[in-house]
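A short worksheet on the structure shown next.
The values are calculated or read from the model by the stated rules, or taken from the named source; none is laboratory data. Bear in mind the structure is a predicted one, so any value in this text is a computation, not a measurement. With ideal geometry, Cβ positions are generated from the backbone for all residues, glycine too; neighbour counts draw on all protein chains shown.
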Amino acid sequence: MDKFNLSTLITEKQIQEKILEIGKKITQQYQGKEDVVAICVLKGSFMFYSDLIRAIDCDLACEFFGVASYHGEIKSSGEVKITLDLNHPVEGKHVILIEDIVDTGLTMSYLIKNIKARHPKSLTTATLLLKPGALKTKVDLDHVGFEIGNEFVVGYGLDYQGLYRNLPFIAQVQNMN
Ligand code: PRP
C-alpha cells in the first residue's frame, strides 16, 4: 500500500456520517414509493453504493452499470465506454443513480442521458464527491457528499492504476508522475 505517498483528505468517519445524512434524505424522498431501483456505477461507486443503500430505509432493487473513461489513469479519455449494461429495464421505475465522483461530469452526464432514454418514472442522482472546478458540462445532481478541489483522489472505491479502491477513506496521491 505504499507505492505512492497518500494523505487523507476525507476520513472514514466523515464519509460514514455523510452517508447517514444522505440516506435519511433519500429515505424521506422515497417514502411510500414502489418500484425503486438503485443503480451502482461500476467500478468506482461499489463501496459508496453498498454503504448508502444500507442507509436507505425503503424497499429497493439493485442494478449494476459498468462504465469507464479513465482506464486507471489520471485524465479522462473523454470517451465513456459501457463495460456492463443493466440487467433489467428501468422503464416506469424510480431510479437512484449512485456515483463515487463527478469530475469532468462527462460520465454522469452520459449516464443521465442514457437512463432517461429508458423512460424511468423518476431519476435521482447521488455522488459522494464533486469537483466543481473540473466540470466540463452542466450536470444535475440531487445529493452531493463532499465538494473537493482538483486534486486526484483515491480510496473508498476510487483507483489509481487499479490500486487503492479498498481504502476506507479518501486520500490524495502525493508523488504521482
Ligand atoms: C471514474 C468514476 C466516475 C468517473 C467520473 O470512473 O468512477 O464514474 O470516473 O469522472 P468524470 O466526471 O470525469 O467523467 P473510471 O472511468 O475511472 O472507471 P472506474 O469507476 O471503473 O474506476
Limited to the stretch 96-141, what total is found for residues that are buried (at least 18 other Cβ atoms within 10 Å of the Cβ), over 14 Å from the mean Cα position of the chain (by Cα) and not in a helix (DSSP H, G or I)?
2
Do we find that His94 is within 19 Å of Ala38 (Cβ to Cβ) and either in contact (Cβ under 8 Å) with a residue 60 or more places away in the chain or of a type in the set (Phe, Trp, Tyr) (or both) in this structure?
yes
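Conditions (1) of a type in the set (A, V, I, L, M, F, W, C); (2) within 15 Å of the ligand (Cβ to nearest atom), marked per residue:
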| position | (1), (2) |
| --- | --- |
| Ile74 | yes, yes |
| Ser77 | no, yes |
| Leu130 | yes, yes |
| Gly157 | no, yes |
| Gly162 | no, yes |
| Asn175 | no, no |
Go through Lys93, Lys81 for me and flag whichever is at negative phi, modelled with pLDDT under 95 and either away from the ligand (no atom under 16 Å from the Cβ) or surrounded by fewer than 19 Cβ atoms within 10 Å (Cβ to Cβ) (or both).
Lys81
Residues located in the stretch 153-177, provided they are closer than 22 Å to Pro132 by Cα, surrounded by 15 or more Cβ atoms within 10 Å (Cβ to Cβ) and not acidic (Asp, Glu)
Val153, Val154, Gly155, Tyr156, Gly157, Leu158, Tyr160, Phe169, Ile170, Ala171, Gln172, Val173
The conditions are (1) within 11 Å of the ligand (Cβ to nearest atom); (2) touching a strand residue (DSSP E or B) at 6+ places or on another chain (Cβ under 6 Å); (3) in contact (Cβ under 8 Å) with a residue 24 or more places away in the chain, and Thr137 fails exactly one of them. Which is it?
(2)
In the stretch 142-155, is there at least one residue being more than 8 Å from the ligand (Cβ to nearest atom), under 29 Å from Lys3 (Cα atoms), in a loop (DSSP other than H, G, I, E, B) and hydrophobic (A, V, I, L, M, F, W, C)?
yes
Being more than 13 Å from the chain's Cα centre (by Cα) and modelled with pLDDT of 95 or more narrows it down to one residue among Asn166, Asn150, Asn177; which is it?
Asn166
